[in-house]
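The values are calculated or read from the model by the stated rules, or taken from the named source; none is laboratory data. All values reported here derive from a predicted model rather than from experimental measurement. Cβ placement follows ideal geometry from the backbone for every residue including glycine, while neighbour counts extend to all protein chains displayed. These area figures cover heavy atoms from the full protein model, side chains too; ligands, DNA and RNA do not enter into them. Shrake-Rupley method; radii C 1.70, N 1.55, O 1.52, S 1.80 Å.
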Amino acid sequence: MITFSATLACQYDTLFSPFPAAQFSRGLDWLAESGFDAAELCINDYEELDVKSLRHALRRRGLGCTTIATGQARKRDGLTLLSADKAVVRRTQTRLFEHIDAAAELSSHVTVGSLRVTTLPLDTAQYMNELAAALHPCVEYARRNGVVLILEALNRYEVSQLHSAQEMMDYMAFSDAPENVGVLWDMFHASIEDPDFTQAIATLGARLRHVHLADSNRGFPGYGHMPVEEIVAALRQAEYQGAVSLECLCRPSVQTVIDEAESLLAKLRQR
C-alpha cells in the first residue's frame, strides 16, 4: 500500500511547506484533516529539537513520518559530503548520524539530496567514488539502526552528477550499495531527466523507496502538465509499497495547496 505524506517545516521555513515552522502544529493538523498518512519532516539540526516530542505530536494525530529531509544544512551550514575540506565532510557525516538516530526513533527514512551537491570538478567516476566513500560510514550506521538512506535523483541544474533513474542505478551497482540504500524519485526532477516515467519506475525496481509529488513547474499537481494520476497508477501497477510525498512549491498559492490537498489525495487513492 502506498503511504501519502507531505513536506512540513518544523525548525526553519522552507518553500516546500504550506505552513511556516512557527505553525508546525497547524501543519500537522492539516495533514491529518486532509487525509495524509504521514509527514515528511525538514530538519536542519537537533540543538533545540526534541525528537520524542515530535514522535508524540505525530502519533496524537495518527500520523507517521516517511523521511527526514536534510537539505537545509547545505545552505544554512555549508554541509556537503563532497568537499576538499575533510572537516566539512566529517561534520556532514556527523549530522547524518544524528538524522539516523532521529529516524530510528520516528521509524522513517533519511534523505540525502542536497548534501551530495558539490562545487568540485569531478567526472562521473570520481563523483561516485567520492560519494560512496563519504557515505560508507553513514550507510553502515544506518544499517545497524534499521534505517534506510534514500538518495535523491536531482536534475542537472542542481547537481553535477546522478540525475536519471538509470544513473542512480549505475551508482547503486558501482558502490555495491546494501539493501538499506534506496532512491528518492522526484516527479519534477524526473520531468527533466527521465523521458519515460513508466520505464524509470521499472528501472529503479526495489531500490525505489520514496517518491516526491509535484507538477512539471514544481507547483501543486494539476497546475502543470505532468500526468500525475497516471504516474501513481504506474507505481501501483509496479507494486510500489513506499511513500508518495507532496513536495512542491506553493504555486499557484499557499491556499491552493492547503485547500486542494484533500481532493487530490482522494483522486490518487482511487488510481
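Each row is one residue, and each column tells you yes or no for (1) in a loop (DSSP other than H, G, I, E, B); (2) open to solvent by 60 Å² or more (accessible area, probe 1.4 Å); (3) not aliphatic (A, V, I, L, M).
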position	(1), (2), (3)
LEU15	yes, yes, no
LEU28	no, no, no
LEU82	yes, no, no
THR94	no, yes, yes
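Residue count for the range 96-127 under the criterion of being within 13 Å of VAL159 (Cα to Cα) and open to solvent by less than 60 Å² (accessible area, probe 1.4 Å): the result is 10.
Taking the range 222-241 as the range and being under 19 Å from LEU154 (Cα atoms) and touching a residue at least 40 places away in the same chain (Cβ under 8 Å) as the test, the residues that pass are VAL228, ILE231. Residues satisfying the criterion are present in the range 53-75 (criterion: open to solvent by 20 Å² or more (accessible area, probe 1.4 Å), in a loop (DSSP other than H, G, I, E, B) and either among the basic types (Lys, Arg) or touching an Asp or Glu at 6+ places or on another chain (Cβ under 8 Å) (or both)). Among the numbered conditions (1) at pLDDT below 95; (2) open to solvent by less than 10 Å² (accessible area, probe 1.4 Å), the only one that GLN270 does not meet is (2). Of the candidates LEU265, LEU246, the single residue that is of a type outside the set (Phe, Trp, Tyr), crowded, with 18+ Cβ neighbours inside 10 Å, farther than 12 Å from MET187 by Cβ and touching a Phe, Trp or Tyr at 6+ places or on another chain (Cβ under 8 Å) is LEU265.
Tell me the residue from ARG74, ARG55 that is under 18 Å from the mean Cα position of the chain (by Cα), among the basic types (Lys, Arg) and over 25 Å from ALA266 (Cα atoms), please. Just one listed residue meets the conditions, ARG74.
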